[in-house]
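Everything below concerns the one structure shown next.
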2 protein chains.
Amino acid sequence: MQFTSSQSELSNHLSLVSRVVPSRPNHPILANVLLEADAENGLVSLTGFDLSIGIKTEFAANVLKSGKVTLPAKLLNDIVSRLPEGELTLKQSAQDEETINLVSTSGEFQIRGLNASQYPNFPTLDEADPLILPIAALIEGLKGVLFAASNEDTKQILTGVHLKGNQEQLEFAATDSHRLAVVETPLEESASQESKLNLSVTIPAKALRELERIISSRLEDETITLYVSDGQLAFDSGAQRLVSRKLDGNYPAYSQLIPKSFKRTAAIERKSLISKLELVSVLADQKNHLVKFSLDTKKSEVELSVDAQELGNAKEIIAADITGDSGEIAFNVKYLLDGLKALPSTDILMQFNEPNQPVIFSPLGGAKMTYLVMPVQIIK
Amino acid sequence: MQFTSSQSELSNHLSLVSRVVPSRPNHPILANVLLEADAENGLVSLTGFDLSIGIKTEFAANVLKSGKVTLPAKLLNDIVSRLPEGELTLKQSAQDEETINLVSTSGEFQIRGLNASQYPNFPTLDEADPLILPIAALIEGLKGVLFAASNEDTKQILTGVHLKGNQEQLEFAATDSHRLAVVETPLEESASQESKLNLSVTIPAKALRELERIISSRLEDETITLYVSDGQLAFDSGAQRLVSRKLDGNYPAYSQLIPKSFKRTAAIERKSLISKLELVSVLADQKNHLVKFSLDTKKSEVELSVDAQELGNAKEIIAADITGDSGEIAFNVKYLLDGLKALPSTDILMQFNEPNQPVIFSPLGGAKMTYLVMPVQIIK
């Protein structure tokens, strides 16, 4: 194997795949990145794979000799990212084909790797039907729900995002059982496919965070192809492919949780609600994370209050357009802030019935997002 | 107590004193900041003190009622720093004089404190002679040596910086027994004092890091006053006062360690030496932090090499003006980088005799700094 590429290109692609490479895997070769050079097509590909999530990325390079090798991902990434801008040549050592000479303008590294034949096969999913998804819809959906997925591995299916799709729309949902985020994005005609889109799959949030990173550099009017097979799925953007196992099990029937009608609503400016909540959370976080909303219909304002008992207390007032009766309702301030930060509008609408029933936060105008939070019972 | 000040002014002064307030002190009141308001002079002072290091800072405010109270430093700092720009009023509650109402444009916090009478006395050092030190000399000296002081509490006197002064110059020194940094700064006539300057004191590095922060916002042509008593010392800049205990014991006679003459020298461009060392340190840090310098007098270059055995190896070449014989010498790359980053010049001079004797790095031109590193024996 021998190829020459620019330091910046190699470094960018390495940092992309390095993120899925485990630091202390059961099998040593999984801590390596697979480098494959193809002289015929002038292409180099890099692969990182922990057997659950994998990323393969491809770029054009001046390939003098085809071949493949695996190298320690972290070490290679640390070296290449620190090298000065300019051309880099990677070539197999004449003495030892598992050793790579990395030659830059100022010096030379020799890095020992492991034989590529031991590297696991990267799933191809060739047999699955391709589903074409618009990048813009994916970006909007992931931004709106990813934060609400559970981070606890024991919660299994809740560590994923549920994705449903038909010809008209994609629906993203995530919940950790304390709160639920749902985003619906319409699909335009142009994005519809030959094969009928009828999708229902739960994808690990960890894989989708990598997908977010991959598509963040794409134009919003581009598309990405999704392949779903029995146990696995792949997102393919042409030069990059992300594969992941699917999460097994039935995703909760979340739409039943969302109330259909509401007795009370409050329209509030989102950013000032966030900054006032962050302020009172300084005290709330010392105690039980509890913040109380007191809606005053007549005054058209909401009082946000925290009582941290022996430490002190806090009160902030915010203007709101309120319909329905005045009243009090309390929340875990952390859950509230997560959702408010993900809502994509200038003003938000808060809707609820009774102080012990689910509360819905949604954007006023624009995108279609639903954020459901269970209130906390206030002991009087 | 009652006063009004701007959010930004209160926040800046709070963050200054909060840094020395311990998070989990033996006595609860030491986790608090002391607030004192003086209506007669329109001044508010804040004090943080862990009985070893203390900072007191003073600013003008609209004081309606004199008084003092202590409040939890972290909580108060977190709240005030998040409040919007604008006027803040702090006043003692009518019901409970240890409770402070903090009123901003948008809301109100009540914070419970502890009675100021229990707060320890802040040392005054009134009886000590004032020594006038130029800010510029202090900044230069601290930047050049602070990094070399030991971070291990068990090393006692080596956790400090030794400061010597006479009418002509100030000399700063720090060593952790692996390396030594010395900076000499000349004193101008104008900075000389009525009382004869004859200084020799070891000051905890932790206190000097706070001093660095305090004087960083001062003009270089200003001065600061140092008071030294038997067990303590204070730096007074007018509005801010930093007190610290002195470190007891005899500081090592470091000047004996610095060779007077050298057989070999190499002049090297500092920044490119740093970036090449950072590059090869990726491999060196996987093993024993060892980097070898091979000086080639004829070629006028130094080869920096690392052998990380089963992981690989690295070689980088850097141009150098060399006098004396070619030869090899090895270092711990971490110690080397620390010193090179602190040296204040474009080019540096490396001087040594034999590969097992101390090496001196110093700036070529400009300030007077000496960085001594013990080389590591190479096993051949």
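One residue stands out among those in the stretch B:141-167 that are open to solvent by 70 Å² or more (accessible area, probe 1.4 Å) and in a helix (DSSP H, G or I): the one that is nearest to B:Ala253 (Cα to Cα), which is B:Gln156.
Among residues of the stretch B:266-289 being more than 10 Å from every other protein chain (Cβ to nearest Cβ) and modelled with pLDDT under 95, the one that is farthest from B:Asp321 (Cα to Cα) is B:Lys287.
Applying the criterion of being out of contact with any Leu (no Cβ under 8 Å at 6 or more places or on another chain) and of a type in the set (A, V, I, L, M, F, W, C) to the residues of the stretch A:17-32, the residue that is least open to solvent (accessible area, probe 1.4 Å) is A:Val20. Take the conditions modelled with pLDDT under 95, open to solvent by 60 Å² or more (accessible area, probe 1.4 Å) and not assigned by TED's automatic domain parsing to the domain that holds A:Ser18 and apply them to A:Glu220. Does it pass? Here the answer is yes, as A:Glu220 does meet what is asked. Looking only at residues in the stretch A:75-88 that are surrounded by 16 or more Cβ atoms within 10 Å (Cβ to Cβ) and touching a residue at least 12 places away in the same chain (Cβ under 8 Å), which one is farthest from the chain's Cα centre (by Cα)? Looking at the filtered set, the residue picked out is A:Leu88.
On the stretch given as the stretch B:107-139, residues that are closer than 16 Å to B:Ala73 by Cα and either within 14 Å of another protein chain (Cβ to nearest Cβ) or open to solvent by 20 Å² or more (accessible area, probe 1.4 Å) (or both) total 9.
If you check B:Pro84, B:Pro28 for being within 13 Å of chain A (Cβ to nearest Cβ) and either in contact with a strand residue (DSSP E or B) (Cβ under 6 Å, 6 or more places away or on another chain) or within 30 Å of A:Leu273 (Cβ to Cβ) (or both), only one passes: B:Pro84.
Residues considered: A:Tyr251, A:Tyr227. Of these, the only one that is out of contact with any Leu (no Cβ under 7 Å at 6 or more places or on another chain) and surrounded by 19 or more Cβ atoms within 10 Å (Cβ to Cβ) is A:Tyr251.
Among strands (runs of 3 or more DSSP E) entirely within the stretch B:46-136, having at least 3 residues that are modelled with pLDDT under 95 singles out B:130-134. How about the stretch A:278-292: which of its residues are farther than 17 Å from A:Lys341 by Cβ and either open to solvent by 70 Å² or more (accessible area, probe 1.4 Å) or not in a helix (DSSP H, G or I) (or both)? Correct list: A:Gln286, A:Lys287, A:Asn288, A:Leu290, A:Lys292.
One residue stands out in the stretch A:313-322 among those that are in a strand (DSSP E or B) and open to solvent by less than 70 Å² (accessible area, probe 1.4 Å): the one that is nearest to A:Pro355 (Cα to Cα), namely A:Ile322. May I ask you to verify whether A:Gln286 is outside the structural domain of A:Val21 (by TED's automatic domain parsing), polar (S, T, N, Q) and either over 30 Å from A:Glu328 (Cβ atoms) or within 24 Å of the chain's Cα centre (by Cα) (or both)? No; evaluated as a whole, the condition is false for this residue. Can we say A:Glu328 is part of a strand (DSSP E or B) and surrounded by fewer than 18 Cβ atoms within 10 Å (Cβ to Cβ)? Spelling it out, A:Glu328 is indeed part of a strand (DSSP E or B) and surrounded by fewer than 18 Cβ atoms within 10 Å (Cβ to Cβ). Got at least one residue in the stretch B:239-255 being of a type in the set (Val, Ile, Thr) and closer than 30 Å to B:Thr225 by Cα? Checking the stretch B:239-255: at least one residue is of a type in the set (Val, Ile, Thr) and closer than 30 Å to B:Thr225 by Cα.
Filtered by the rule that a residue be without any contact (Cβ under 8 Å) to a residue 24 or more places away in the chain and outside any loop (DSSP other than H, G, I, E, B), the stretch B:1-28 gives a lone residue, B:Asn12.
When the stretch A:35-74 is filtered for residues that are without any contact (Cβ under 8 Å) to a residue 60 or more places away in the chain, open to solvent by less than 60 Å² (accessible area, probe 1.4 Å) and acidic (Asp, Glu), the ones remaining, listed by number, are A:Asp38, A:Asp50. Can you name the residue in the stretch B:230-248 that is exposed (fewer than 14 other Cβ atoms within 10 Å of the Cβ) and among the small types (Gly, Ala, Ser) and is also farthest from the other protein chains (Cβ to nearest Cβ) among such residues? Result: B:Gly231. How many of the residues in the stretch B:333-371 are open to solvent by 60 Å² or more (accessible area, probe 1.4 Å), assigned to a loop (DSSP other than H, G, I, E, B) and closer than 25 Å to B:Leu138 by Cα? Final tally of qualifying residues: 4. Please verify whether the stretch A:178-185 includes one or more residues that are more than 15 Å from the chain's Cα centre (by Cα), over 21 Å from A:Phe361 (Cα atoms) and surrounded by fewer than 21 Cβ atoms within 10 Å (Cβ to Cβ). No, there is no match, as no residue in the stretch A:178-185 is more than 15 Å from the chain's Cα centre (by Cα), over 21 Å from A:Phe361 (Cα atoms) and surrounded by fewer than 21 Cβ atoms within 10 Å (Cβ to Cβ). Among the residues here, A:Val69 qualifies as closer than 30 Å to A:Asp236 by Cα and in contact with a strand residue (DSSP E or B) (Cβ under 6 Å, 6 or more places away or on another chain).
Evaluate the following for A:Ser305: is it polar (S, T, N, Q), within 14 Å of another protein chain (Cβ to nearest Cβ) and either over 26 Å from the mean Cα position of the chain (by Cα) or over 27 Å from B:Ile79 (Cβ atoms) (or both)? The answer is yes for A:Ser305.
Conditions (1) out of contact with any helix residue (DSSP H, G or I) (no Cβ under 7 Å at 6 or more places or on another chain); (2) in contact (Cβ under 8 Å) with a residue 60 or more places away in the chain, marked per residue:
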{"position": "A:Lys315", "(1), (2)": "yes, no"}
{"position": "A:Asp325", "(1), (2)": "yes, yes"}
{"position": "A:Val333", "(1), (2)": "no, no"}
{"position": "A:Lys341", "(1), (2)": "no, yes"}
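The values are calculated or read from the model by the stated rules, or taken from the named source; none is laboratory data. Nothing here was measured: the structure is a model prediction, and the numbers come from that model. Glycine also receives a Cβ, built like all others from the backbone with ideal geometry; neighbour counts cover every protein chain displayed. These accessible areas exclude ligands, DNA and RNA; they are computed on the full protein's heavy atoms, side chains included. Shrake-Rupley method; radii C 1.70, N 1.55, O 1.52, S 1.80 Å.
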